[in-house]
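Here the structure comes first, spelled out in structure tokens, and everything after it is commentary.
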Amino acid sequence: MTEKADIENNQPERTKAKKPLWRRLFKFALISGGVGVVSAALLVLWAIIHYGRDLPDYRQLANYEPSVVTRIHAGDGSLLTEFAREQRLFVPIEAVPEQLIHAFLAAEDKNFYEHSGLDYMGMVRGNLRNVLNVILGRPLQGGSTITQQTARNFLLTLDQRLDRKIKEMILTLRIERAFSKDRILELYLNEIYFGNRSYGVAAAALNYFNKSLNELTIDEMAYLAALPKAPNNYHPVRNRERAMGRRNWVLSRMLVLDYIDADTYREAASQEIVMRKRGGDARFEAGYFAEEVRRRVGRMYGTKVLYEGGLSVRTSLEPRLQAVAERTLRDGLIAYDRRHGWRGPLGRLDVDNVWQERLVTIKTPLGVPSWRHAVVHEVRAEGAVVGLKTGEYGFIPFAEVEWARAWRTGERLGPKIKDIGEVLSMGDVIAVEAIPNSELVAIADFYDIDGTEITLFPQFGLRQIPEIQGALVAMDPHTGRTLAMAGGYDFESSEYNRATQAKRQPGSAFKPFVYAAGLDRDFTPASLVLDAPFVIDQGEGLGKWKPKNSSDKFYGPSTLRLGIEKSRNLMTVRLAQHLGMGTIMDYAKRFNLHENMEPSLAASLGAGEVSLLKLTAAYGMIVNGGKQIQPALIDRIQDRRGRTVYQHDDRVCSACELTWQLNSDEPPVPDNREQILDPLTAYQLVSMMQGVVENGTGRKIRAIGKPLAGKTGTTNDEHDAWFVGFSPDLVVGVFTGFDRPRSLGRGEEGSSVAVPVFRDFMREAMNGQPGVPFRTPSGIRLVRVNAETGAPASVGDARIILEAFKPGTEPRAGQLAVLDGSLPIGKTKSSIRKGTGGIY
């Protein structure tokens, strides 16, 4: 009993020794919290290690070079074209106006300069706002800081997965530790997309308002800051009300943050958003030239640098000469085409109450700015009524279709036009051109579709897009700088450049290089070469090769000068055989014309293939005194930082670096061009080709009345026609022919197709400039000779000229030395003797 009582008496004391419940709960919570914190820390550490392991290297942003536009400029600074994948202009943060920065901070991240990359309070507010958006059925809104957007735009994808968001947050913290706030903002402003083909804020300012950043007004800055969230939703024209609302919201945020005052806010918010088309650039269109430059820059630096590298390419193009080149080539091709007849309309359509809508859908490029599409509405004896895309009407008089005789195979013409119905029918879609200074024509009984009578019509002429193509190149013969290039009738119709991409036989335009070899080997312009039948057995089963002159005649012994003036094939072949084709190939190589040439006698008549650009440069090497040049379209290339990375003129001029204080004299610039032809030989060729213009196949050029020289070229069966010529300081090449080679027609040759183009170009190019005689090098002897025989001039000679001779080669009276006619051609008992010399 006593023990039991003692136990019972002691029980309450043990109960009293127990800790209160709240203390036990607090202890449990403390332990659980600690475990939770440690677990959370471990989870965060695991997430950082797991998700941060495969993140892109944020340090690459230190060397960030955004994709920037490459711009191509003409020689006078005019903009030719731009090449880019993204229309972006990079600007450093120092060049961004402070108020524009404030606008972006107000719109995107007001605490940008305070937080460490993640705005935690902003994230909470954003999540609460999105809960409300879900309840109300509104779209979810983002709450990313500028640093987060920078990380996402540069280094991550835009998908909305949780793991991507975690990676974004990790990368954001790393970027904040590595870069200054200004650097991060600079990356952001230059990378983001603003819509309207604008990448970066500078491009957006130009494309929306045609302004540079420092010209923007407060309301325009606010609008640009409003765009990155959803550029397509805030277009100032298509979504005007939404754009105004978003802009004014940005302005209100700027007011709240004390970036602007109330008066500025009210003034800016009242402004309309006026989108201005980008302009002001001095632009010049030169499609063929710009495309060739694009190809060359791409080969030099690769496609990525071309479209993303922000290069500034200064070309050699002269806009005035380019405009003349395109117009004169086009006019020459049209003139040829009209000589060979009408090939029919561009198409046909029904003339009903929707004819205008149908006509508008026809997009065939016409090539001439003043030409227009039209459809024939009515054909009458005196002409045809046509409708234009504008809904207007015009009248083509019969006189304007008389040229349109039917085209026949072989470039022949059908019978003369007696009735306009032989050419045009109702529903024909044609090209027309307004006749300048013509009076309105009165036509009776013509009614529009709606029944309105029309009585007065403007007059138009019938036009036709030529099928023949061509090219023209103008070049500085002293440097190789290409001043103008037209690669075809119309770049929009065909981008194929016939000046650089087409390789065609030059025909007789190659002959000067054969004659150059002869003049370097004791021949003179007065040397006689036999113009007579020439036959070579080409081998078993190949038959005999029998070249002939274009006239099918033989002229007996003739001077070299006469051979080149009249383009005598038989003389050229005979001279090439005497010199040997090895020698001819050597000269072709000197002038860079050898790549597509076989060492056969046919090559001496231009059977090898060459581009117009290279052939023009080769002629330039003749007129410049035999100095080698390389044809060039690019003067200089600078990278995005303005450093020159390429320069065509690679001469070193140490004296040019001296200041005027140290040296006031004009510094001598070295001439490092290789001498590939004797200057005396070069002048003899120039003199002989001047005879082509004065007396030979280029006589039409003589009308310009200034010292010019050159050589025609026509290939077999009149497939191609050429003329390459020059003044002392300008060399110009013209090629004409069909893309799918066929005859130009009987009687068509270099003198009838290419020469008029050259003449018209040079007339305009040299307009207002004095005629400059060709420069005569020291050592040339000018001697009066008989133009027919090359012998020293005598009293009573019908035609006497001044001939150019090298010292010691002048003919002497009473002497006429020839090769022994009893020996095979090219074989003599001794060298060519004094006198005219020659081959019989």
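A short reminder: the numbers here are calculations on the coordinates, not readings from a lab. Predicted, not measured: the structure shown is a model, and the values here were computed from it. We place every Cβ from the backbone using ideal geometry, glycine too, and count neighbours over all the protein chains shown.
Near the amide H of residue 81, under 5 Å away, which other amide H atoms are found, from residues 5 or more places off or on another chain, if H is placed in the peptide plane?
The answer is 72.
Spelling out what I want: for every residue of region 248-256, take phi, set θ = phi - 60°, compute 6.51 cos²θ - 1.76 cosθ + 1.60 (Karplus), and round to whole Hz; glycine and proline get x.
5, 5, 4, 4, 5, 5, 5, 5, 4
Please say if region 364-505 is rounded, prolate or oblate, where rounded means a/c under 1.5 for a ≥ b ≥ c the square roots of the C-alpha gyration tensor eigenvalues, and otherwise the choice is prolate for a/b larger than b/c and oblate otherwise?
prolate
What's the local net charge at residue 764, with K and R +1, D and E -1, over the other residues with C-beta under 15 Å away?
+2
Could you compute the net charge surrounding residue 102? Neighbours are other residues with a C-beta less than 13 Å from the C-beta of residue 102; K and R count +1, D and E count -1.
Net local charge, residue 102 excluded: -3.
Given the Cα atoms of region 540-636, and with Rh set as the inverse mean 1/r over their pairs in the Kirkwood sense, what is Rg to Rh to two decimals?
Rg divided by Rh gives 1.03.
When the dipole is taken about the Cα centre of region 353-392, and only Lys, Arg (+1) and Asp, Glu (-1) are charged at their Cβ, what size is it in debye, to the nearest 20?
180
Which of rounded, prolate or oblate describes region 636-751 when judged by the alpha-carbon gyration tensor and an a/c cut-off of 1.5?
Prolate shape, in that a/c is at least 1.5 and a/b is the bigger ratio.
Once you have the alpha carbon radius of gyration of region 756-811, what is it after dividing by 2.2 N^0.38 Å, with N set to its residue count? Kindly include the intermediate steps, with their values, before the conclusion.
Numbers: Rg = 16.4 Å, N = 56, 2.2 N^0.38 = 10.2 Å.
Here the answer is 1.61, to two decimals.
How big is the Kirkwood radius of region 288-343, worked out from every pair of different alpha carbons and given in Å to one decimal?
On the way: mean 1/r = 0.0712 Å⁻¹.
Averaging 1/r across every pair of different Cα atoms and inverting gives 14.0 Å.
Within 10 Å, count the other beta carbons around each residue, average over each peptide in 541-552, 469-480, and list them highest first.
Listed from highest to lowest mean packing, they are 469-480, 541-552.
Before anything else, pin down the relative contact order of region 391-517: Cα pairs under 8 Å, at least 6 apart, normalised by residue count, whole percent. Could the numbers behind the result be given before it?
Numbers: 148 pairs, mean separation 23.4, N = 127.
Once normalised by length, the contact order is 18 percent.
Between residue 702 and residue 217, what length in nm is gained on full extension when 0.36 nm per residue of separation is reduced by their alpha carbon distance?
Numbers: separation 485, 0.36 × 485 = 174.60 nm, distance 6.13 nm.
This chain segment gains 168.5 nm when fully extended.
Dipole magnitude of region 411-455 about its Cα centre, charges +1 at Lys/Arg Cβ and -1 at Asp/Glu Cβ only, in debye to the nearest 20?
Dipole of region 411-455, to the nearest 20 debye: 360 debye.
Within region 428-490, report the GluC sites (Glu not before Pro) that DSSP leaves as loop and that have at most 11 other Cβ atoms within 10 Å.
Sparse-neighbourhood loop GluC sites (Glu not before Pro): 439.
Only sites in a loop by DSSP and with at most 14 other Cβ atoms within 10 Å count here; which GluC sites (Glu not before Pro) in region 536-617 make the cut?
Listed in order of number, the matching sites are 540, 595.
Based on alpha-carbon positions alone, could you give the equivalent ellipsoid semi-axes of region 666-730 from the gyration tensor, as √(5λ), descending, whole Å?
Details: eigenvalues 160, 51, 28 Å².
Each semi-axis is √(5λ); the values are 28, 16, 12 Å.
Along the principal axes of its C-alpha atoms, what lengths does region 570-626 span, in descending order and rounded to whole Å?
Sorted from largest, the Cα extents of region 570-626 read 28, 23, 18 Å.
What is the extension gain from residue 784 to residue 353, computed as 0.36 nm multiplied by their sequence separation minus the C-alpha to C-alpha distance, in nm to one decimal? Don't jump to the answer; show the numbers that get you there.
Values: separation 431, 0.36 × 431 = 155.16 nm, distance 7.70 nm.
Between residue 784 and residue 353, full extension yields an extra 147.5 nm.
Just the C-alpha atoms of region 260-314: what Rg/Rh do they give, with Rh taken as the Kirkwood radius? Don't skip to the end; give the middle numbers.
Values: Rg = 20.8 Å, Rh = 15.4 Å.
Using Cα coordinates only, the ratio equals 1.35.
From zero outward in steps of 5 Å, how is the percent of C-alpha pairs of region 348-428 spread across the bins?
Per 5 Å bin, starting at 0, the Cα pair percentages come out as 3, 14, 22, 20, 20, 15, 5, 1, 0.
About the Cα centre, and with charges only on the beta carbon of Lys, Arg (+1) and Asp, Glu (-1), how big is the dipole of region 189-323? Nearest 20 debye, please.
Approximately 640 debye in magnitude.
With θ set to phi - 60°, apply the Karplus curve 6.51 cos²θ - 1.76 cosθ + 1.60 along region 732-746 and write out the HN-Hα couplings as whole Hz, x wherever there is a Gly or Pro.
9, x, 10, 10, 9, x, 7, 4, 9, x, 7, 5, 6, x, 4
Please state the relative contact order of region 452-504 as a whole percent: Cα pairs under 8 Å, 6+ residues apart?
Values: 49 pairs, mean separation 13.9, N = 53.
Computed over region 452-504, the figure is 26 percent.
Answer rounded, prolate or oblate for region 476-604, using the Cα gyration tensor with square roots of eigenvalues a ≥ b ≥ c: rounded when a/c is under 1.5, else prolate when a/b is larger than b/c, else oblate. Walk me through the numbers before you get to the answer.
Working: a/c = 1.91, a/b = 1.56, b/c = 1.22.
In terms of gyration-tensor shape, prolate.
Normalised by the empirical 2.2 N^0.38 Å for globular proteins, what value does the Cα Rg of region 438-491 take?
Working: Rg = 22.7 Å, N = 54, 2.2 N^0.38 = 10.0 Å.
Computed over Cα atoms of region 438-491, the ratio equals 2.27.
What is the set of long-range amide H partners of residue 646 at a cut-off below 5 Å, with H atoms built 1.01 Å from backbone N?
It is 637, by chain and number.
Work out, in µm²/s and without decimals, the Stokes-Einstein translational diffusion coefficient of region 245-387 at 25 °C, 0.890 mPa s, Rh from Kirkwood over C-alpha pairs.
The Stokes-Einstein estimate is 110 µm²/s.
Work out the FRET efficiency for residue 63 and residue 418 from their Cβ-Cβ distance, taking R0 = 56 Å, and round it to the nearest 0.05.
0.15
How long is the gain from residue 312 to residue 331 if the chain were fully straight, where each residue apart is worth 0.36 nm and the alpha carbon distance is subtracted?
3.5 nm
Can you give me the relative contact order of region 446-592 as a percent, contacts being Cα pairs under 8 Å and 6 or more apart?
The normalised contact order for region 446-592 reaches 18 percent.
In terms of modelled amide H atoms, which long-range or inter-chain residues lie less than 5 Å from the amide H of residue 404?
Amide H to amide H, under 5 Å and 5 or more residues apart or across chains, residue 404 pairs with nothing.
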